[in-house]
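The values are calculated or read from the model by the stated rules, or taken from the named source; none is laboratory data. Computed from a predicted structure; not experimentally measured. All Cβ positions, even for glycine, are placed from backbone atoms using ideal geometry, and neighbour counts span all protein chains on display.
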Amino acid sequence: MSGIVIRKITVSVDETHIEMGQTISPPTRRAVAVAVIQNPFAGRYEQDLSMLMDAGAMLGELLGERCVQALGIKPHEAQSYGKAAIVGERGELEHAAAILHPKLGAPLRKAVEKGAALVPSSKKRGGPGTPIDVPLGHKDAAYVRSHFDAVEARVTDAPAADEILVAVAVTDSGRPLPRIGGLQVSEIKGEDGLK
């Protein structure tokens with residue numbers, strides 16, 4: 001497990017059944033899986049962040065699979081994804097970047113099958129209970145406006161000063177009642193990550 005210690009994992013599913021008095025059937029569903037890990041570089045500068053990069057690969061697979069399982073879908077049925085991290089006060093933003101960017105994406109794409117589009121991301125520094133919005137976009141086509149969204153991740157006792165909270169979100173649909181036009185899911189080619 002790349003030498004990283006996981007203190008806690010949480011998984012939640014958000015379902016919307018009614019929006020503006022309209023019944024959403026089937027309901028839109030968004031899953032968020034969060035891992036709270038020890039930051040091996042808390043309180044000190046480290047040039048080589050490869051340990052966190054490797055942790056990103058492991059967490060992309062683990063959290064992506066947890067989201068798909070929580071939604072009760074097959075991997076190819078996933079529609080949107082996103083990732084985010086909060087670094088405790090003794091860490092630095094680059095620690096979050098090391099987890100999120102070099103290696104997390106490929107295992108997450110495998111967990112949701114394909115994933116031609118970039119995985120939207122956000123990062124910040126914060127203490128226990130700090131919320132973060134995990135940005136969402138369609139996994140195969142960034143131009144699908146109906147899937148531009150975000151879901152909040154928060155763990156009441158994390159991150160501690162020497163921890164990093166890492167969140168992955170996966171959906172089985174776009175926003176409820178989308179009606180702003182743009183590329184439709186039925187029109188996706190999924191070749192360039194844009195359309």
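When Gly190 is tested against the conditions (1) out of contact with any Cys (no Cβ under 9 Å at 6 or more places or on another chain); (2) under 21 Å from Leu100 (Cβ atoms), the lone failure is (2). The condition of being touching a strand residue (DSSP E or B) at 6+ places or on another chain (Cβ under 8 Å) and either among the charged types (D, E, K, R) or assigned to a helix (DSSP H, G or I) (or both) holds for only one of Glu191, Glu152, that being Glu152.
Taking the listed residues Pro178, Pro107, the one that is without any contact (Cβ under 8 Å) to a residue 60 or more places away in the chain, touching an Asp or Glu at 6+ places or on another chain (Cβ under 8 Å) and either aromatic (Phe, Trp, Tyr) or surrounded by 18 or more Cβ atoms within 10 Å (Cβ to Cβ) (or both) is Pro107, with no other qualifying. Residue-level analysis places Ala150 among those that are surrounded by fewer than 18 Cβ atoms within 10 Å (Cβ to Cβ), modelled with pLDDT of 95 or more and not hydroxyl-bearing (Ser, Thr, Tyr). Of the residues making up region 1-40, not one is modelled with pLDDT under 95, surrounded by fewer than 16 Cβ atoms within 10 Å (Cβ to Cβ) and either among the charged types (D, E, K, R) or closer than 14 Å to Pro159 by Cβ (or both).
Taking residues in region 67-87 that are buried (at least 17 other Cβ atoms within 10 Å of the Cβ), and partners anywhere that are among the hydroxyl-bearing types (Ser, Thr, Tyr) and in a strand (DSSP E or B), the pairs with Cβ atoms closer than 6 Å and at least 6 places apart or on different chains are Gln79/Thr171; Ser80/Thr171; Lys83/Ser121; Ala84/Ser122. In region 62-77 there is no residue that is in contact with a Lys or Arg (Cβ under 7 Å, 6 or more places away or on another chain), modelled with pLDDT of 95 or more, under 24 Å from Leu194 (Cβ atoms) and not charged (D, E, K, R).
Residues in region 153-172 that are among the hydroxyl-bearing types (Ser, Thr, Tyr), crowded, with 18+ Cβ neighbours inside 10 Å and over 15 Å from the mean Cα position of the chain (by Cα): none.
Within region 116-133, does at least one residue satisfy the condition of being touching a Phe, Trp or Tyr at 6+ places or on another chain (Cβ under 9 Å) and under 16 Å from Gly190 (Cβ atoms)? Yes, there is a match, as at least one residue in region 116-133 is touching a Phe, Trp or Tyr at 6+ places or on another chain (Cβ under 9 Å) and under 16 Å from Gly190 (Cβ atoms).
Within region 41-66, if we keep just the residues that are of a type in the set (Gly, Ala, Ser) and over 19 Å from Leu108 (Cα atoms), the residue that is surrounded by the fewest Cβ atoms within 10 Å (Cβ to Cβ) turns out to be Gly43. Residues that are within 23 Å of Ile4 (Cα to Cα) and either part of a loop (DSSP other than H, G, I, E, B) or touching a Pro at 6+ places or on another chain (Cβ under 8 Å) (or both) within region 156-180 comprise Thr156, Asp157, Ala158, Pro159, Ala160, Ala161, Asp162, Leu165, listed in sequence order. Scanning region 117-130 turns up one or more residues that are surrounded by fewer than 16 Cβ atoms within 10 Å (Cβ to Cβ), in contact (Cβ under 8 Å) with a residue 12 or more places away in the chain, in a strand (DSSP E or B) and not hydroxyl-bearing (Ser, Thr, Tyr). Residues in region 148-175 that are basic (Lys, Arg) and under 26 Å from Gly127 (Cβ atoms): Arg154 only.
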